[in-house]
Amino acid sequence: VDGGIDQDIFDINEDLGLDLFEGDIRLDGVQERNSIVGERYRWPHTIPYVLDDSLEMNARGVILNAFERYRLKTCIDFKPWSGEPNYISVFKGMGNRRIGKQELSIGKGCDRIATVQHEFLHALGFWHEQSRSDRDDYVSIIWDRIISGKKSNFESYDDRQTDSLNVPYDYSSVMHYSKTAFQNGSEPTIVTRIPDFMDVIGQRMDFSDSDILKLNQLYNCSSSLSFMESCDFELENVCGMIQSSEDSADWQRVSQVPEGPESDHSNMGRCKGSGFFMHFNRSSVNEGATAMLGSRILYPKRGFQCLQFFLYNSGSEYDQLNIYIREYSAASVNRTLTLVEEIKDIPIGSWQLYHVTLKVTNKFRVVFGGVRGAGASRGGLSIDDINLSETQCPHHVWHIRNFTQLIGSPSGSVFSPSFYSSKGYAFQIRLNLSSLPNVGMYFHLISGANDDQLEWPCPWQQVTMTILDQNPDIRQRMSNKRSITTDPFMTTGNGNYFWDRPSKVGVQDFFPNGTQFQRGRGYGYSVFMTHERLKSRDFMKGDDVYILLTVEDISHLNTTQNEPIPTLGVNDLCTNFKCENDGICILHHGKAECRCPSGEDWWYMGERCEKRGSTRDTIVIAVSSTVAVFAVMLVITLVSVYCTRKKYQETSSNTTNMTLENVS
């Protein structure tokens, strides 16, 4: 897919000859440079979107995956457009327009989940990290190495234009340029003042912790949408988990077990005095006995969940772990346990990653039930790094042990076991580890048991391959995820359909047990990840690497999204309705109105924000009004007194001049 080059969106746009602001933003001629200062460009927490027909199928699926990352780590959600005046239209084109109907381009070669995250952060109000006002304290821009005419892309903004939200400079930000951005040769255009970060800047894997912190601060997110629980058992309260009174034994919080493991999975022994996990000691109970450990009560929103955890077996191959749900509802008076999955044949002597799909709609607990099987071992079962989220579980996990021994191997390629998609297609994943400094990853269809019943060429199956960052908290992971989609119309150089039946277009090979099969051509990325990035973070932990695989049918995305006809939009009504003093024109009850800026002790007002007010002015007006009222009342009082006295004097005079006559 990538032609052997790991290109960023800036490189792709440059190769297309696009002259875009900061390399990926298309500004209107009358538009000001917006920023994250204030609230004027803040979206609601649920953002309407339209996927334009021009988008490639793979890009459509990747965009929906990117939305899931926003939901997992922030309170930002996305919904199909239903006529709202403000929405984001995603199309295949040139750059991103930031006015009116906000347009966001995901063109050819840019359909990478972290690139989509990057571009939507622009839409949400963020500039590139190296545009911060304090950037010169952390990086040096080598101006004479920048392509002619592109130096403006490296401008920084002062504090009146941008707000760092009191978050330190972030070399790991998904919004940071790479060291080679817009270079005119082979030397870097950006040099980090701390040399260790030279190969960190420009990462396109996932949000960094600081990206999430800033986004959540800007949008006042107190929690994320699809995250439910994460527990590494470092705290003594074990994340509110509870022991059962109906079992034979308890789970114990420990830092090591003589029979194994020697350390927890979170730290792998790297931090002395820390590193705990929960352990069920099988030697304390008889065969068939159980130990139950329940989570705190959880409250679902979406109706589907993915439970992920690491499990270590130092006991018997006959021991097992059962996953239950205890659901609380009006219809479930007894709150009985429902068995969801039995985990058997657990490998002995190593941490293993497991996923369990849940479908719960009422408040519930997850219950881990350890069961002692046959055998005389003194070990047991251990669990660590539990994560629960309202996301879809991966379909398959490829666990590669002793990974460093494979790097640079003479064979060059490592094939996964065979897997089946939910539709029944058989496939393998191939890792290319010999092309230093890069790791390549490819998807191959292979002949399988269902081929006679399947549709060929294989249509619109999106394959998502993820090298897992094994951070204990799912919210802090920066897993590297890439996707490809099987286009049934794609052909090879000899005219065959690329995704046709492997028995027709593939080559013969053999499984380790000697079984013959046919393997189709591989399709993927020669630069899936560099070896340096693979050695960073927690991609390799205990020399284990996990590759998560999902193959899903996205043919339903091959249709035009219904676009309701909106009422006259904000920018149409606001074209001739200009707000003064940085006021913002909005649509309110079908009319253009100005929303005027304000501060702690000042504000603008009036139909066009043409009038300025302040607390001081209000006080003066209030005092003046009080004085005026007092003066008026005083005058009225004086006039009333004067008139009363005059009337009394006239009455007295008439009484004095009166003549009395006797009428009898």
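Just so it is clear, none of the values below were taken in a lab; they were calculated from the coordinates. Because the structure is predicted, anything quoted here is derived from the model rather than measured. Here Cβ is always computed from backbone atoms with ideal geometry, including for glycine, and neighbour counts include all displayed protein chains.
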| query | So how far, in whole Å, is the C-alpha centre of the range 391-459 from the one of the range 205-230? | reply | 32 Å
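In square nanometres, what is one fourth of the surface area of the convex hull spanned by the alpha carbons of the range 227-389?
In nm², the orientation-averaged hull projection of the range 227-389 is 9.2.
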| More than 16 Å apart - percent of Cα-Cα pairs taken over the range 236-306 | 61 percent
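What value in Å³ per residue do you get for the convex hull of the alpha-carbon atoms in the range 471-543? Numbers along the way, then the final one.
Values: hull volume 11.8 nm³, N = 73.
Expressed per residue, the convex hull around the Cα atoms of the range 471-543 is 162 Å³.
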| request: Work out, step by step, the length gained on full extension between residue 392 and residue 361: first 0.36 nm times the residue separation, then minus their alpha carbon distance; give nm to one decimal. | output: 9.7 nm
| remark: In the neighbourhood of residue 366 defined by beta carbon distances under 10 Å, the net charge of the other residues (Lys, Arg +1; Asp, Glu -1) is +2
| query | Quick one: what Rg and Dmax do you get for the range 100-226 from the alpha carbons, in Å? | reply | 15.0, 46
| task | Kindly give Rg over Rh for the range 262-357, based on alpha-carbon atoms, with the Kirkwood expression for the hydrodynamic radius. | result | 1.00
| request: State the dimensionless ratio Rg/Rh of the range 161-280 (Rg: radius of gyration of Cα atoms; Rh: Kirkwood radius). | output: 1.14
| query | Quick one: in the range 323-440, what % of C-alpha pairs are over 18 Å apart? | reply | 69 percent
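Starting from the eigenvalues of the Cα gyration tensor, five times each then square-rooted, give me the equivalent ellipsoid semi-axes of the range 396-557, largest first, whole Å.
28, 18, 15
Please tell me the relative contact order of the range 138-263 in percent, rounded to the nearest whole number, where contacts are Cα pairs under 8 Å and at least six residues apart.
Over the range 138-263, the number comes to 23 percent.
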| message | Would any residue of the range 522-536 have its amide N under 11 Å from a label point 7 Å out along Cα→Cβ of residue 509? List them or say none. | response | 522-523
| Relative contact order for the range 230-338, counting Cα pairs under 8 Å that sit 6 or more residues apart, in percent | 27 percent
| request: Per residue of the range 347-363, in order, report the coupling 6.51 cos²θ - 1.76 cosθ + 1.60 (Karplus, θ = phi - 60°) as ³J(HN,Hα) in whole Hz, putting x for Gly and Pro. | output: x, 9, x, 7, 6, 10, 8, 10, 10, 10, 7, 10, 9, 10, 10, 9, 4
| query | In terms of Cα to Cα distance under 17 Å, which lysines are near enough to residue 591, apart from those fewer than 8 places away along the same chain? | reply | 578
| request: Could you calculate the contour length gain from residue 637 to residue 108, that is, 0.36 nm times the residue separation minus the distance between their Cα atoms, to one decimal place in nm? | output: 182.0 nm
| message | Restricting to lysines 8 or more places apart or on different chains, can you count the pairs in the range 396-557 with Cα atoms under 26 Å from each other? | response | 4
